[in-house]
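The values are calculated or read from the model by the stated rules, or taken from the named source; none is laboratory data. Everything numeric in this text was worked out from a predicted model, so none of it was measured. Positions of Cβ are backbone-derived with ideal geometry, glycine not excepted, and every protein chain shown enters the neighbour counts.
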Amino acid sequence: MDKNMELIHKLLDGELSEEEKKEILDRIDSDPVLKMELDALSMAVHIVEKSERLPVPPSFTSNVMGKLPARKSSYREKVWNFFFKDRVLRWNMVTAAAAVCLAIIISAGVFKFQKKHDLISYANMPVESTSIVKFNLYVPDAKEVAIAGDFNKWKIDGNSMKKQDNGIWTIEIPLKPGVYNYMFVVDGKVWLSDPNAESYQDDGFGYKNSILKVAKL
Amino acid sequence: MIDLAERIQSYISKGSLQLVTFSFFIRLMYKKEDKEDKDDMQTEEYAIIKQCMDGNADIYSVLVERYKGMVYNIAYRMLGDTESANDMAQESFISAYIALKDFKKNSKFSTWLCSIAINKCRDHLRSKKDTVSIDEIAEVSASKIATPEDAACNRQIGHSIQTALNELPEEYREAVVLKHIEGLDYNEMENLLGVSSKTLKVRTHRGREMLKKLLRERGISDG
């Protein structure tokens, strides 16, 4: 490659000093062949850069997630998990029925106790205030992103998020104090956990719900 | 910088080409990145990776969703057909997941993932080279003869740019795809490919030269 062409490539890469720039631009000014070469090169680069990006097949994420191998945990991890890992209670009808009975008995007991002592005055309880919670998710390729959770009865079109210029989708939702399960829905079908969530919980459908705790102000 | 833009404006001939070249330089000059946003994202991605390694595999879907477009399109530009691109892109994500423990905290996940994808594509091209079928040979030689119909087809730039890319040697194609389709700088490419930026510049320059020739031969213009 001759010296001029080398300089032209450096010019395209924005890697020339002011002096070199002047030098090559002067040469281009006076040499129509060189100018044609620059035009043709810029055009080739432009065509490549504006070439359309192909849309990814819709089942891509679920295919990848389905093929991930299970992680084998070491003996040490198993011991650690036994003591410290969050547990998920798996229900069946018998345990559910037992739990309901227990709950009725306890609540009846508490009710009786409260009636007897009448210590709690509900009149003094403050009215619950709402906080504005901002949710963010970076998925630049998505066409639409929504948030679904306890607060909108898991409707996937209840709260659509807005895309910012930097590819981050955001939404602000007013929420009363409490604990909420939620997930993001990308393009109406891919369910994603929130990478910024405080904690997670199995949802029973093979996903993990993100959990948000809104504290009292 | 503005002075440069004006000078470029002044010497380029009238017509659409003028706009093309001008917009190219303008973009070159004002390519700014919001560094804070990127730092935030990097911390977030480390957190996601940590969670994956702690056994929360589901959260990996966030990274897949985030980078599937990048990986799939690199694979498509490298391999030239959507089916292999889909396979190789999926395999890249799976290999990355298996190798998460090797991911170094001071590097960017996207760069690391990209290098895995490029290696997958190289392996795929190599295995394909070993088993070229008679059909494919026939296909290639048939496509070399340009008919008027081909010329019309060539105006579909998306299609023709891919056939031009397919003709570049693998190393030049890698460099052009990463530099001009993914918009990486030479430092990022150096980290990703493990080749010095000096060599990568030469490859990019030669790749661009070849593309220029191929597009000129086929009479492809920007429309």
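Selection of the stretch A:14-30 for residues being buried (at least 16 other Cβ atoms within 10 Å of the Cβ) and among the charged types (D, E, K, R) yields only A:Lys21. Only one of the listed residues (A:Val186, A:Val145, A:Val179, A:Val139) is assigned by TED's automatic domain parsing to the domain that holds A:Lys208 and over 16 Å from the mean Cα position of the chain (by Cα). That residue is A:Val179. Of the numbered criteria (1) surrounded by fewer than 18 Cβ atoms within 10 Å (Cβ to Cβ); (2) within 30 Å of B:Ser110 (Cβ to Cβ); (3) not charged (D, E, K, R), the one A:Val186 fails is (1).
One residue stands out in the stretch A:185-207 among those that are among the charged types (D, E, K, R) and touching a residue at least 24 places away in the same chain (Cβ under 8 Å): the one that is nearest to B:Met41 (Cα to Cα), namely A:Asp194. What about A:Met125, is it of a type in the set (A, V, I, L, M, F, W, C) and modelled with pLDDT of 90 or more? Judged against the criteria, A:Met125 is not a match.
State whether the residues of the stretch B:185-208 include one that is over 23 Å from B:Phe103 (Cβ atoms) and touching a residue at least 40 places away in the same chain (Cβ under 8 Å). No, there is no match, as no residue in the stretch B:185-208 is over 23 Å from B:Phe103 (Cβ atoms) and touching a residue at least 40 places away in the same chain (Cβ under 8 Å). A:Ser210 passes every criterion in (1) away from chain B (no Cβ under 11 Å); (2) among the small types (Gly, Ala, Ser); (3) in a strand (DSSP E or B) apart from (1).
The number of residues in the stretch B:203-219 that are more than 7 Å from chain A (Cβ to nearest Cβ) and either surrounded by fewer than 16 Cβ atoms within 10 Å (Cβ to Cβ) or in contact with a Lys or Arg (Cβ under 8 Å, 6 or more places away or on another chain) (or both) comes to 5.
Of the helices (runs of 4 or more DSSP H) lying entirely inside the stretch A:26-94, the ones with 1 or more residues being within 11 Å of chain B (Cβ to nearest Cβ) and modelled with pLDDT of 90 or more are found at A:32-50, A:60-67.
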